[in-house]
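The values are calculated or read from the model by the stated rules, or taken from the named source; none is laboratory data. Remember, it's a predicted structure, so these values are computed and weren't measured experimentally. Positions of Cβ are backbone-derived with ideal geometry, glycine not excepted, and every protein chain shown enters the neighbour counts.
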Amino acid sequence: MTDQPCQCEDCQRFYKEHDRLIREFPTFKQQQELNWASIQSFRTLCNKVTNEFQRELSERESNADITSEEKHISDTEITEALDELESVNAYLYSIEALMERIFETKISNKIETKFREIANELAPDPLNMDRLILNRLFHQTPDSPDKKNIN
């Protein structure tokens, strides 16, 4: 097993998002709020989709003459999705209960300063001029145009 981070597209996208969230929300309080909002938005969306599917199934049952061509999603697919979404909603509710405990934690401004400091170390700004220069130096290869000797 290698110590290098995975280079697949999904992992790279995750690393970028991970670092962005640390840069944009570098304090304990900001992370609390971000995670709370994320869970709430996920629950809201899942609940809305669940309600829409339940409404659609109910309408289909009362209007049995809908042809299969008119159904974009089959009844079986909707029923399976509803089962899965109900599980997801239960998990999200559990996470919300745990997050409430995290919200009870309060820390001082001195500790928040340490969070900001560590955040800058974990996820430095990729557009910082020093970092751009360093990245360029690290990624130059012997055959790159700026390395070729022009005689």
Would you say Leu45 is closer than 30 Å to Pro5 by Cα, free of Cβ contacts under 8 Å to residues at least 24 places away in the same chain and either of a type in the set (A, V, I, L, M, F, W, C) or in contact with a helix residue (DSSP H, G or I) (Cβ under 7 Å, 6 or more places away or on another chain) (or both)? no
Positions within the range 71-110 being surrounded by 10 or more Cβ atoms within 10 Å (Cβ to Cβ), over 24 Å from the mean Cα position of the chain (by Cα) and free of Cβ contacts under 8 Å to residues at least 24 places away in the same chain, in sequence order: Lys71, Ile73, Ser74, Asp75, Glu77, Thr79, Glu80
All positions within the range 6-26 that are closer than 17 Å to Pro124 by Cα, exposed (fewer than 15 other Cβ atoms within 10 Å of the Cβ) and not basic (Lys, Arg): Gln12, Phe14, Tyr15, Glu17, His18, Glu24
Being in a loop (DSSP other than H, G, I, E, B) and modelled with pLDDT of 90 or more, is that true of even one residue in the range 82-105? yes
Scanning the range 40-58 for residues that are of a type in the set (Asp, Glu) and either surrounded by fewer than 12 Cβ atoms within 10 Å (Cβ to Cβ) or under 20 Å from Ser94 (Cα atoms) (or both) gives Glu52
Hey, does the range 49-61 have a residue that's more than 19 Å from Lys29 (Cβ to Cβ), at pLDDT 90 or above, within 20 Å of the chain's Cα centre (by Cα) and assigned to a helix (DSSP H, G or I)? yes
Report, by residue number, each residue of the range 106-151 that is of a type in the set (A, V, I, L, M), in a loop (DSSP other than H, G, I, E, B) and at pLDDT below 65. Ile150
Any residue at all in the range 27-39 that's surrounded by 15 or more Cβ atoms within 10 Å (Cβ to Cβ) and not in a helix (DSSP H, G or I)? yes
